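See below for the structure under consideration.
Any read-out appearing in this document is the output of simple, stated calculations on the displayed coordinates, not a laboratory observation. Given the structure is predicted, the values throughout are model-derived calculations rather than measurements. Cβ placement follows ideal geometry from the backbone for every residue including glycine, while neighbour counts extend to all protein chains displayed.
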Amino acid sequence: MLKLIITNGESVGREFVLRQGENLIGRSRSTDIRLSSMDVSGRHARLMVEGDCLYVENLSQYNTFVDGETITERTRLLPGQCLKTGKTVEFKLNLVDATVETQSGGGAAGVSEPPAEADTGEGLTAAAGATGTFDNDLTMDATAAAFAEDEEGATRAMHTRAATPDEIEHLKIKETQRIRYRMFMIIGGVAVLLTLGVIFRPRTQAPELELRWPVNEQDLYLNSFEPSRAGGREKGDYDIRYPANGTFTKSDSPGGFTLAGFVGRNRDVPMRIIVQEELDLRFASMSSDEIVRDWIDMISAGGKAWRIDKPSALTLFFGDKNGVPYTRTSYLRDDAGASWFGIANIFRHGRRRIVVRSEAPAVEQTRVESLLTSRLVYVADEFQFSYWPYVRIGESVPVETLLEQVRRDMERMAPGTWMSINRMLCGILSRVVPAQDAESEKESLRLLRKLRGNEALWFNSQQLAFESAVFRGDLKHAKKVMVFTKGVFSDMSDQRYYTVRKWNVEL
């Protein structure tokens, strides 16, 4: 007959007599050898007794070991070998005489337990164990007397007496007091729990009627910037701003790239920013309106489902000096069965047409429109200084003669002549870029950037003079500065034309 003895882990020394056939080890109530260790599975291992041979099969993810080796198939366990389940419980297999074990009752996986202690309390121990406590002082005294031993060590009989009516009434009062105390504690505990529940209950957030650009704890915008294909602001070009909420990823596309991520309080609304650039000499001879119409015609001819609104009549700018003007329009488009609402920002820079679009699902149009109109393009000073609109000038005068005249006029440093110089340089560029006169283009851009730099410094000084005069209360001088500055910046393609006209002086 085979017997397993626990040699390590829970219940060391406990013995299990195995029956012929299947014996299961595990934590489940249905197993023959039931253990309680947490690293033992419900059905951990199967033991098959075949005559005097024992075979072990692992059923658990926590593994079963024989003499420290993990078993992966049915394995024979020899007498004296160690069987381990999980990390702690170990058994040792013994072969015993069957005649000895039949006295323990035999049967299925019999368990050998230590003998129970004799009852020496003449029923008192059982009574006390059933109640778990003593009811009152009278029964405690009687019990103490029952457990006292005489000089020879014999146990005395328990002496009891009937309780008087006063004692019974006293016990009833005590019991009533205990019940009231328990009810008071229960009611008090419930009241405390209800109060804490009200205080710490989850707050229902107000519905997010408008999606905002993400901000930090100081309510400052969280921004990330992706450089343009020409190197971004660091290389004198432009950067694309997008929400720095950790969800946006970049993917390249023909002529540009796409930034895709999610916005909203729960970051559950898809948003895309698409940058597309085209390079074409014909753009150098087109006005801003023509650039926009050409883009709309190209999109419409593509055969895709686009519904483009009428472009905005407002003049908008990227940059904080002369600025780069751009046109904004909204659209709806269908893509792979989904409808998208978006804002397109279209502008020209030399022979480049740049379109920056931001879009989100059309069902979110009301909530996301303000977010999509956020400023996305940040330009370097060199980028806005080298911007020039298309200006048509006569071709009778040689380009070199015109450039020499521009150099002489710029040496005078007369702000009143700057707008005419600016227009002349834009006209020269509109003439030499389509003709691919690289040398004249390079010199014209150098002079234009120099002129724009001088304009920026002078405009800043005028703005400081105006604000200082207003602060001193010298409104007459402030108005003089304002009028002169308006005269210098009279070109509507320059952002400062609109800035200076926001200055206000009431004499």
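Numbers for the structure displayed
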read-out	value
19 Å tail of the calculated P(r), segment 369-477, as % of Cα pairs	56 percent
Estimated [θ] at 222 nm from DSSP helical runs (n ≥ 4, -39500 (n - 2.57)) normalised by residues in the chain, nearest 500	-10500 deg cm²/dmol
Stokes-Einstein D for segment 269-400, Kirkwood Rh over Cα pairs, 20 °C, 1.002 mPa s (µm²/s)	133 µm²/s
The chain: angle of helix 475-488 to the longest principal axis, Cα-based, in degrees nearest 10	80 degrees
Whole-number percent relative contact order across segment 331-402, with pairs defined as alpha carbons under 8 Å at least 6 apart	23 percent
Cross-link table Lys321/Lys442; Lys450/Lys476; Lys450/Lys486, entries beyond 25 Å C-alpha to C-alpha	Lys450/Lys476
Bins of 20 Å, starting at 0 and running to the largest distance - Cα pair percent for the chain	15, 23, 17, 15, 17, 11, 2, 0
When segment 408-457 is reduced to its Cα atoms, the Kirkwood hydrodynamic radius in Å	11.2 Å
Theoretical FRET efficiency, 1/(1+(r/R0)^6), r = Cβ-Cβ of Glu234 and Lys502, R0 41 Å, to 0.05	0.80
Normalised convex hull volume, segment 238-327, alpha-carbon set, Å³ per residue	165 Å³
Inter-label distance for Gln81 and Arg34, nm, one decimal - labels placed 7 Å from Cα along Cα-to-Cβ	2.9 nm
Taking the chain and dividing mean pair separation by its residue count, relative contact order in percent (alpha carbons under 8 Å, at least six apart)	8 percent
Ala414 paired with Arg307, simple spin-label distance in nm, labels 7 Å along Cα-to-beta-carbon	5.7 nm
Full-stretch length increase - Leu196, Arg182 - with 0.36 nm per residue and alpha-carbon distance subtracted	2.9 nm
Protection proxy ranking of 182-188, 402-408, 274-280, 444-450 - average other beta-carbon atoms within 10 Å, highest first	444-450, 274-280, 402-408, 182-188
Estimated FRET transfer efficiency when R0 is 56 angstrom, pair Leu279-Ile5 (beta carbons, to 0.05)	0.05
Whole-angstrom gap from segment 457-503 to segment 314-336, using each part's C-alpha centre	27 Å
All-pairs alpha carbon distance profile, segment 277-337, 5 Å steps from 0, percent	4, 14, 22, 22, 20, 12, 5, 2, 0
Calculated from backbone phi, Karplus (6.51, -1.76, 1.60) coupling profile of segment 446-453 in Hz, x at Gly/Pro	4, 5, 5, 5, 5, 4, 5, x
Rounded to 10°, Cα long-axis angle of helix 137-147 versus longest principal axis of the chain	60 degrees
